[in-house]
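K.L.:
Sharing a structure below in structure tokens format, with a few things to ask.
The values are calculated or read from the model by the stated rules, or taken from the named source; none is laboratory data. All figures in this text were calculated on a predicted structure; none of them were measured in a lab. Note that we place each Cβ from the backbone using ideal geometry, even for glycine, and neighbour counts take in every protein chain shown. Keep in mind that these areas ignore ligands, DNA and RNA; they rest on the heavy atoms of the full protein, side chains included. Shrake-Rupley method; radii C 1.70, N 1.55, O 1.52, S 1.80 Å.
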Amino acid sequence: MTDPRVTDHRLADRALPADYLDEWATHIAKPKQLAARGTASAVVFRVGTEWLAVPTGVCHEVSARKPVHTIPHRRNGIVLGLVNVRGDLVICVSLSAVLGVVDAPYDRPERRRISRERLLLLEYNGQRLTWPVTDLHGVHRYHPDDLQEVPATVAKGTAVYTRAVLPWQNKAVGLLDEQLLFYTFSRHLA
Amino acid sequence: MSGVDPSELSMAELFRIEAEGQTAVLIDGLLALERQPSDAAQLEACMRAAHSLKGAARIVDVPAAVTAAHAMEDCFVAAQRGAVTLHRGSIDVLLQGVDLLLRSAKAPDAGLGAEVDAFVARLAAVLAGEPIAGDDAPAGVLAVEVAGGVTEQAAAPVPASPATPAPAATDRTLRVTADNLDRLLALAGESLVEARWLAPFAASLARLKQLHHELNRGLDRLRESTHGSATDAVTLATVAEAQQTVQRCRQALAERLTELDAFDRRFSNLSGRLYDRALACRQRPFADGVAGFPRVVRDLGRSLGRDVQCEIIGEQTQVDRDLLERLEAPLNHLVRNAVDHGIEPPDERVRAGKPPAAMVRLEALHSAGMLLIIVSDDGRGIDVERVRRLLVERWLADAESAARMSEDEVLQFLFLPGFSTKETVSEVSGRGVGLDVVHTIVKQVRGTIRVVTTVGQGTRFQLQLPLTLSVVRALLVEIGGEPYAFPLAFVARTVRVPREQIELLEGRQHFALDGRHVGLVTAHQILGGGDPKPHGEELPVVVLNDGQASYGLVVDRLLGERSLVIRPLDPRLGKVKDISAAAVMADGSPVLIVDVDDLMRSIDQAVSAGRPSAVIEEVAAGSGERKHILVVDDSFTARELERKLLESRGYLVTVAVDGMDGWNAVRTGRFHLIVTDIDMPRMDGIELVTLIKKDPRLQTLPVMIVSYKDREEDRRRGFEAGADYCLSKGSFHDEALLGAVRDLIGEAPV
């Protein structure tokens with residue numbers, strides 16, 4: 001067996017391939033890709049006909065739709081009722097009511113109908129809320145530069161709560177302002 | 001502040017509430033600064049608190065507080081600049097200032113001028129770097145110098161009574177947040193629900209087994225039909241093979257089913273135990289709630305010239321932590337009662353042949369699924385015959401029926417409001433209030449109370465209580481297609497009332513129950529909800545009784561009796577009318593627990609308002625064309641003052657507590673004018689104005705800046721940011737504000 005040290009030497013002392021330097025020079029000469037793509041992420045979902053998104057950090061859990069118990073004297077359209085999420089009774093609110101989006105009323109889940117409807121559990125500042133969504137895509141990664149300003153033509157209700165527009169699958173997805181949403185919801189709970 | 005309508009309060013009350021809040025901030029900040037003198041965030045918070053208090057004090061015109069707050073603000077500003085460092089001596093002085101502020105808020109006319117001047121002088125001396133007595137005093141001295149409230153706390157350590165040896169330190173206790181514990185309980189409950197899913201699932205597999213059986217029989221018939229006919233060997237072999245496969249399937253399925261069954265049993269057992277343990281975490285030893293009583297008894301006995309000892313039995317008895325908390329006041333009352341009413345003076349005891357030292361016993365034990373707490377004394381006892389005479393004297397019973405009453409019945413009158421047997425009213429007890437309060441609280445926690453007494457030997461109060469407050473036996477019903485639960489303690493009975501037995505009396509529906517007329521109301525009218533199910537010929541009725549009135553509540557369906565683990569409603573919902581709490585049913589769906597006291601009131605209202613009609617919460621209709629103003633100010637006093645002022649002129653006013661709150665409100669509401677302060681936490685007024693004026697949808701909205709500081713710089717910054725008007729609060733006059741508002745948006749339409 002040869003002395004490993006000798007082998008190492010030989011390896012390091014090898015002549016470079018002819019085009020090696022050129023290859024690296026070209027690579028280094030290329031303009032640097034300034035930032036990594038996909039540094040931010042959001043959960044993309046649909047309410048009624050509207051595609052929307054919330055920052056992933058706010059969304060804690062996705063579950064199947066569950067029975068909601070309405071609350072007497074709190075049936076103002078925004079508060080849907082109480083729903084059991086992992087043994088916790090969480091307030092369920094209607095995003096469509098606040099945004100003014102047309103949505104089918106939230107019925108009890110019908111049996112034997114495969115549905116794309118889900119319940120999103122959100123937590124912001126230690127406060128928990130759930131809201132039902134018509135369809136859920138999942139987590140979408142994007143770069144902050146991809147975000148576009150909210151066009152002034154967007155219907156008033158949605159525009160107020162939209163922080164930016166996120167292009168996704170040829171659709172304009174409204175990235176919601178979670179802080180403002182939680183503010184509005186907590187004002188309508190009592 | 002919660003639950004109090006600020007518009008009901010006077011200016012002085014507003015200031016007091018604000019002072020309580022801001023002094024709490026100051027104390028927290030000062031204690032933090034004592035350890036970290038240059039903590040910029042704390043200095044900022046203290047400066048802001050002092051500043052707000054100064055402004056508020058100026059509005060309500062309490063010069064002493066203005067001076068004190070002003071001196072403190074200057075001190076914090078100097079510390080921010082690095083001109084002074086806050087060492088322990090100056091923290092001492094500043095804490096005294098905090099007490100002065102609090103006192104001036106509680107009694108604005110107390111004339112604290114001299115004290116405030118002394119404080120300002122001391123503070124100036126400290127800031128000038130002069131040594132102050134106590135500058136290097138140990139921290140312990142602080143507590144003594146600070147206001148009465150603090151010294152009291154410091155002076156009341158719970159003494160270990162000689163009669164109660166410290167419990168052996170075998171059970172180590174850990175501090176766990178209540179929130180964590182509740183989540184744990186919720187998860188354990190959920191695993192119990194999940195476990196219940198397995199049994200029906202296993203049962204559904206039995207159907208599969210049946211199908212296998214049928215398949216096998218089919219193959220049997222196939223083989224028989226081919227028997228004798230000229231079928232080729234290959235078909236026969238295939239059928240035989242298929243039969244064998246079916247056989248193997250059946251066997252495998254049977255084995256899996258047995259395993260599943262065993263797993264179901266193990267899992268149900270495990271989650272049941274897990275749940276029981278989690279529930280047990282809510283329990284605390286009895287001693288935790290009553291450790292202070294030996295001291296109370298001793299001191300009270302002393303003040304009355306009696307030698308009384310207190311003995312606690314069953315210190316380790318586990319009691320629900322909420323129950324223990326709720327019982328503190330009633331137990332305290334019973335113990336005081338025992339010392340004051342029960343125990344005789346020493347000479348009287350000696351004459352009666354008893355030891356001069358008396359004994360009050362507190363005892364806790366579990367008995368037959370209930371918790372018993374007994375408060376007993378070895379005093380003179382209650383003279384039942386005297387109580388009987390008092391009943392007649394006070395027209396509570398006529399002589400004949402009083403004579404017929406059993407001892408127990410007579411003693412129950414002690415719990416009546418205003419009934420006292422003591423001739424003289426003393427500081428300690430004997431005002432006739434108390435025992436009825438004890439009774440009410442015990443009833444609230446779903447317990448009962450009894451008295452047993454022997455003249456000359458002593459009195460025993462026996463409280464029989466549920467083991468836990470977190471579980472309630474309840475009647476489940478369906479109302480508007482959704483489940484609701486009524487605590488059994490309030491349900492007199494359930495009946496099915498045939499339609500033809502319902503009578504109409506004075507336009508109200510009644511039915512006869514045990515010879516009495518019971519008013520009938522449909523639950524759906526009170527609680528609302530989805531469409532009620534149509535009833536058949538008999539109406540399911542829950543008869544509710546709160547001790548005074550009875551009502552029959554028509555529900556959709558009676559579902560049965562269950563034990564429910566009570567979950568409080570999310571506090572963000574506030575008090576929900578007619579509902580006390582929520583729970584999760586066996587299938588995991590939510591159920592609401594009815595607040596029967598509240599519901600009875602709602603029914604009363606609905607009935608007395610004439611014909612009970614559907615009570616529908618109406619969403620406030622668009623409030624016409626009233627001009628809507630948003631007031632943004634972090635000072636409670638200033639905020640409420642502005643609100644009252646503007647509302648008195650017919651404007652609609654919404655308030656926000658800081659810039660961030662204001663920015664949220666501006667974006668989600670429709671306002672005609674924004675009135676904002678400048679210095680606020682989270683987002684200041686300048687930033688708020690800048691954001692509003694940058695937003696294409698909001699930029700036309702007029703904004704007025706109101707500032708405490710009459711500084712040219714503030715005005716300039718305000719106008720630069722786009723404010724339409726700047727008003728300084730230094731010259732705060734009602735007319736100035738109203739005039740400016742009128743100029744910007746005009747009068748409010750009357």
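K.L.:
Give me the accessible area buried between chains A and B, both sides summed, with a 1.4 Å probe, in Å² rounded to the nearest 100.
P.N.:
Counting protein atoms only, the buried area is about 3400 Å².
K.L.:
Pop out the Kirkwood hydrodynamic radius of the range B:625-745 from its pairwise C-alpha distances, inverse of mean 1/r, in Å to one decimal.
P.N.:
For the range B:625-745, the Kirkwood estimate is 13.9 Å.
K.L.:
Of B:Lys54/B:Lys106; B:Lys443/B:Lys577; B:Lys354/B:Lys443, which pairs sit farther than 24 Å apart, going by alpha carbon to alpha carbon?
P.N.:
Checking Cα-Cα distances, B:Lys354/B:Lys443 exceed 24 Å.
K.L.:
Another question, if that's okay. In whole Hz, with x marking every Gly and Pro, tabulate ³J(HN,Hα) for the range B:399-414 from phi via Karplus 6.51 cos²θ - 1.76 cosθ + 1.60, θ = phi - 60°.
P.N.:
4, 5, 5, 4, 5, 6, 5, 6, 4, 4, 5, 4, 5, 4, 5, 4
K.L.:
Which ³J(HN,Hα) values, rounded to whole Hz and listed in residue order, are derived for the range B:10-21 from phi using the Karplus coefficients 6.51, -1.76 and 1.60 in 6.51 cos²θ - 1.76 cosθ + 1.60 with θ = phi - 60°, glycine and proline given as x?
P.N.:
Going residue by residue, I get 7, 4, 4, 5, 4, 5, 4, 4, 5, 4, 4, x Hz, with x marking Gly and Pro.
K.L.:
I would also like to ask the following. With a 1.4 Å probe on protein heavy atoms only, tell me which residues of the range B:583-597 lose at least 40 Å² of accessible surface in the complex relative to the chain by itself.
P.N.:
B:Pro590, B:Leu592
K.L.:
Label the range B:635-703 by shape, choosing from rounded, prolate and oblate, from the square roots a ≥ b ≥ c of the eigenvalues of the Cα gyration tensor; if a/c is under 1.5 it is rounded, and otherwise prolate applies when a/b is larger than b/c, oblate when it is not.
P.N.:
Cα axes put the range B:635-703 in the oblate bin.
K.L.:
Moving to a separate point now. As a test, work out the antiparallel percent of DSSP beta bridges whose residues both lie in chain B, rounded to the nearest 5.
P.N.:
About 70 percent, rounded to the nearest 5.
K.L.:
I've got another one for you. When averaged across all projection directions, what area in nm² does the alpha-carbon convex hull of the range B:179-280 cover?
P.N.:
Orientation-averaged projected area of the Cα hull: 7.6 nm².
K.L.:
Per residue, how big is the convex hull around the C-alpha atoms of the range B:493-586? Give it to me in cubic angstrom, could you?
P.N.:
In the range B:493-586, the Cα hull volume divided by residue count equals 153 Å³.
K.L.:
Another one. Report, as a whole number in µm² per second, the diffusion coefficient that Stokes-Einstein gives for the range B:257-338 at 37 °C and 0.692 mPa s using the Kirkwood radius over alpha carbon pairs.
P.N.:
208
K.L.:
Still on this model: With a 1.4 Å probe and all protein chains left in place, how much accessible area per residue does the range B:471-617 have, in Å²?
P.N.:
46
K.L.:
Hey, can you find the accessible area per residue of the range B:294-466 for me, probe 1.4 Å, expressed in square angstrom?
P.N.:
Value for the range B:294-466: 49 Å² per residue.
K.L.:
Let me ask something additional. Return the residues of the range B:642-675 for which accessible area with all protein chains present is lower than in the chain on its own by 40 Å² or more; set the probe to 1.4 Å and exclude ligands, DNA and RNA.
P.N.:
SASA drop of 40 Å² or more in the range B:642-675: B:Asn664, B:Arg667, B:Thr668.
K.L.:
From Cα pairs below 8 angstrom and at least 6 apart in sequence, can you work out the relative contact order of the range B:625-745, rounded to a whole percent?
P.N.:
22
K.L.:
Considering only DSSP beta bridges with both partners in the range B:625-745, what is the antiparallel share in %, to the nearest 5?
P.N.:
Bridges in the range B:625-745 are about 0 percent antiparallel.
K.L.:
With θ taken as phi - 60° and the coefficients 6.51, -1.76 and 1.60, list the Karplus ³J(HN,Hα) couplings across the range B:32-39 in order, rounded to whole Hz; mark glycine and proline as x.
P.N.:
5, 5, 4, 8, 10, x, 10, 5
K.L.:
Give me the residues in the range A:39-76 whose solvent-accessible area, probe 1.4 Å, is reduced by at least 40 Å² once all protein chains are included instead of the chain isolated.
P.N.:
A:His69, A:Ile71, A:Pro72, A:His73, A:Arg74, A:Arg75
K.L.:
Give me the percent of accessible area attributable to carbon and sulfur for chain B, probe 1.4 angstrom.
P.N.:
For chain B, the apolar C and S fraction of the accessible surface comes to 53 percent.
K.L.:
For the ranges B:631-640, A:116-125, B:576-585, what's the packing order if you count other beta-carbon atoms within 10 Å of each residue, average per peptide, and put the highest first?
P.N.:
Descending mean neighbour count gives B:631-640, B:576-585, A:116-125.
K.L.:
Averaged per residue, what accessible area in Å² does the range B:179-282 show with a 1.4 Å probe, protein chains only?
P.N.:
68
K.L.:
Would you grab the residues whose amide H sits under 5 Å from the one on B:Val675? Only those 5+ places off in sequence or on another chain, please, with H modelled 1.01 Å from N.
P.N.:
Residues meeting the criterion, in which the H sits 1.01 Å from N, are B:Leu630, B:Val631, B:Val632, B:Met704.
K.L.:
Starting from the exponent 0.38 and prefactor 2.2 Å, build the expected Rg for chain B from its residue count and divide its actual Cα Rg by it.
P.N.:
Against the empirical 2.2 N^0.38 Å value, I get 1.32 for chain B.
K.L.:
Pop a pseudo-label 7 angstrom from the Cα along the beta-carbon direction at both B:Val176 and B:Trp197 and give the gap in nm to one decimal.
P.N.:
It is 2.5 nm.
K.L.:
So, one more: I need the calculated FRET efficiency for the pair B:Arg742 and A:Asn76, taking r as the beta carbon distance and R₀ as 35 Å, to the nearest 0.05.
P.N.:
Result of the calculation: an efficiency of 0.55.
K.L.:
Which far-off residues, 5 or more places away or on another chain, put their amide H under 5 Å from the one on B:Arg557, with H placed in the peptide plane?
P.N.:
Placed amide hydrogens put B:Glu478 under 5 Å from B:Arg557.
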